[in-house]
1. Tally the residues that are among the polar types (S, T, N, Q), in contact with a helix residue (DSSP H, G or I) (Cβ under 8 Å, 6 or more places away or on another chain) and part of a strand (DSSP E or B), restricting the search to region 58-75.
2. Between residues in region 44-69 that are closer than 12 Å to Phe28 by Cβ and residues that are β-branched (Val, Ile, Thr) and assigned to a loop (DSSP other than H, G, I, E, B), which pairs lie under 8 Å by C-beta distance while being six or more apart or on different chains?
3. Quickly run through region 23-57 and pick out the residues that are buried (at least 16 other Cβ atoms within 10 Å of the Cβ), more than 15 Å from Val75 (Cα to Cα), out of contact with any helix residue (DSSP H, G or I) (no Cβ under 7 Å at 6 or more places or on another chain) and not hydrophobic (A, V, I, L, M, F, W, C).
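Coordinate-derived values only; no laboratory data. Keep in mind the model is a prediction, meaning the values are calculated, not measured. Here Cβ is always computed from backbone atoms with ideal geometry, including for glycine, and neighbour counts include all displayed protein chains.
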Amino acid sequence: MSDPKRTVLVCQNCTCLSRQADKVLASFKAADLPEDVEIVPSGCLGQCNMGANARIVPEETWYCRLTPEDVEKIV
């Protein structure tokens, strides 16, 4: 497989984890995404007061206050 064209970074730091970031990550991993999209757990993304957070690169699209149910709307 070639390098992914997009990477979804899902914060797994303590504040985001207290806001279901682990379930958000699982929802992204369970989603039917194209092969060129990689889902990666990340450290703190620096937006703790807005967690759970995800960042999509290279577009630099940010999603904040995510819930597992939000993932369906994003993908």
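1. Keep residues of region 58-75 that are among the polar types (S, T, N, Q), which gives 61, 67.
Applying the additional criterion that residues be in contact with a helix residue (DSSP H, G or I) (Cβ under 8 Å, 6 or more places away or on another chain) yields 67.
Now drop any that are not part of a strand (DSSP E or B), which leaves none.
Qualifying residue count for the region: 0.
2. Ala52/Thr67
3. Ser42, Gln47
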